Amino acid sequence: MELPRLQPLYETYKDQGFNVVVVDGKADTERAVKFIEKHGLTYTALENGEADAEVVNSIFGVSGYPTSFLIDRDGRVMYSHLGFEAGDEEHLAEEIESLL
Amino acid sequence: MKKMLVAAGLLVLLGLMGACSQGPQEDAVGPVKQAWADFREAYGEVETAEEKMPLIEAFMVEHPNTGYAGRLASAVAYYQGEELDDPAGAYGLLADTLAKNTDPEARYQIGTAMFPLAMELGEPMDLGSIAEELAATRALDFNEMIDVADLALEHEQWEIGAAYAEAALDKATPEAFLADYPDDDFTAEEAAAKAERRQVMSLANLGWALWNLEQPGEAMAAFERAAPLKTVNYVGAADTPIDYYHGKAKLAAGESIKAMELLIPSAIMGSDDEAMAALREAYAMKKGSEEGFDEWMWSERQALAKTVDTFTLADYEGNTHDFSALADGKVTLLAFWFPT
């Protein structure tokens, strides 16, 4: 997962009311913390829960990683995306701008 | 399809993490193993494709007839072929390595990584024989069968696609799933769900292959059999290509309304470019032209968008966060990932 690719998007749009929240679906705390520190990621990073607190699959039906959902200011999910390849940032930036 | 790129990305990671079995040429303690350890150490220090590829190429050129060369094949296709946009260079390195490699496991890894590049460059390549070489030494597992079917369909090799999709369907049972993961502890319910997903993946591929082999009745029967078993994500987009292939077949059959119904979730809410292209075509078939497509698509999206459920999870410092508070009044990207 090229999670660091989200950092420039976050920095570009955060002052206009854009937020990024990432959830580690496998709750691999040690690796996740190292990765986040190494890449200087500053947006909110959460860890999936277990049993009744599990959200990735039980709420969002995510079966592949990375999967992203873009949510508008009214809390409506407008878009989902599987994968995050080179070049996806441009498409995502267009989607973000259309909702801001 | 993009889903395949994602799969390729995961293979790159899995290969380098050493999840694969050792090939026969990999001496347990000798210089090749030491060279691999040295490579891994150097590789761990670099981040970009420009930095990674010289290390990968040097190792593969030096040790082409090893299982390790197989593990690196998907990294070559991804980093050199895609990230550095040099498919010819990636193909050349993989073809040279394949010619010098005698291990069926590694040859399968190299061959499946090389096949899309060969097709892109118009180079002849027999995907079926690469898979058969490995199948002659051991039974292929479900993922290998479905990977071959996916690759074949992606490049319009319908007979191979149909054969491997059918073989994959035989492995779409709870028992076969558990046999592929003997070290994992799945419940009966989980195994049944995984088996259903396997059925959908196999039947989607089989249906699309049969459609293109001009067996429309059998193709539609496969799609209809898969449809009730499919799973979708939060916004209704299927996590397998079932709706895309079914929709494309309906489009080709001239059933534009049914095609649109099948394609809308993946295209509009799932941001699948290929489904979107097919949806645009179906729209034009129904309306007589593409005029008004973008406006219609936007209104469909508004109608299909659902309000996000909130949840509470902890960050790495132990603080709990309510998602609705984080997203309140903001445009929010919620991304699910795992660290590698």
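The table for this structure:
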{"quantity": "Pick from the range B:295-340, criterion assigned to a loop (DSSP other than H, G, I, E, B), touching a Lys or Arg at 6+ places or on another chain (Cβ under 6 Å) and modelled with pLDDT of 90 or more, ranking: nearest to the other protein chains (Cβ to nearest Cβ)", "calculated": "B:Ala305"}
{"quantity": "In the range B:250-268, the residues that are touching a residue at least 40 places away in the same chain (Cβ under 8 Å) and closer than 21 Å to B:Ala209 by Cα", "calculated": "B:Ala252"}
{"quantity": "Residue in the range A:74-90 that is farthest from the other protein chains (Cβ to nearest Cβ), counting only those that are more than 15 Å from B:Thr307 (Cβ to Cβ) and within 15 Å of the chain's Cα centre (by Cα)", "calculated": "A:Glu89"}
{"quantity": "Qualifying residue in the range A:41-53 (condition: surrounded by 16 or more Cβ atoms within 10 Å (Cβ to Cβ), modelled with pLDDT under 90 and in a loop (DSSP other than H, G, I, E, B))", "calculated": "yes"}
{"quantity": "Candidates A:Ile71, A:Ile59, filtered to the one that is within 19 Å of B:Met297 (Cα to Cα) and at the interface with chain B (Cβ under 7 Å from one of its Cβ atoms)", "calculated": "A:Ile71"}
{"quantity": "Members of the range B:201-257 that are over 14 Å from B:Glu166 (Cα atoms) and acidic (Asp, Glu)", "calculated": "B:Glu214, B:Glu224, B:Asp239, B:Asp243, B:Glu255"}
{"quantity": "Leading residue by the ranking (farthest from B:Met269 (Cα to Cα)) among those in the range A:18-40 that are in contact with an Asp or Glu (Cβ under 8 Å, 6 or more places away or on another chain) and buried (at least 17 other Cβ atoms within 10 Å of the Cβ)", "calculated": "A:Ala32"}
{"quantity": "Residues satisfying the stated conditions in the range A:7-40, i.e. without any contact (Cβ under 8 Å) to a residue 40 or more places away in the chain and assigned to a strand (DSSP E or B)", "calculated": "A:Asn19, A:Val20, A:Val21, A:Val22, A:Val23, A:Asp24"}
{"quantity": "Residue match in the range B:270-292 (condition: more than 29 Å from the chain's Cα centre (by Cα), surrounded by 14 or more Cβ atoms within 10 Å (Cβ to Cβ) and among the polar types (S, T, N, Q))", "calculated": "no"}
{"quantity": "Scan of the range A:75-100 for residues that are of a type in the set (Asp, Glu), modelled with pLDDT under 85 and closer than 17 Å to B:Ala267 by Cα, ordered by number", "calculated": "A:Asp88"}
{"quantity": "Selected residue [surrounded by 24 or more Cβ atoms within 10 Å (Cβ to Cβ), touching a residue at least 24 places away in the same chain (Cβ under 8 Å) and either acidic (Asp, Glu) or over 24 Å from B:Leu153 (Cβ atoms) (or both)] from B:Thr102, B:Thr112, B:Thr66", "calculated": "B:Thr66"}
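Residues checked against (1) at pLDDT below 95; (2) closer than 21 Å to B:Gln34 by Cα:
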site	(1), (2)
B:Phe59	no, yes
B:Thr66	yes, yes
B:Glu82	yes, no
B:Asp85	yes, no
B:Ala90	no, no
B:Thr97	no, yes
B:Asp103	yes, yes
B:Ile110	no, no
B:Ile130	yes, no
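The values are calculated or read from the model by the stated rules, or taken from the named source; none is laboratory data. Bear in mind the structure is a predicted one, so any value in this text is a computation, not a measurement. Cβ atoms come from the backbone with ideal geometry, glycine included; neighbour counts cover every protein chain shown.
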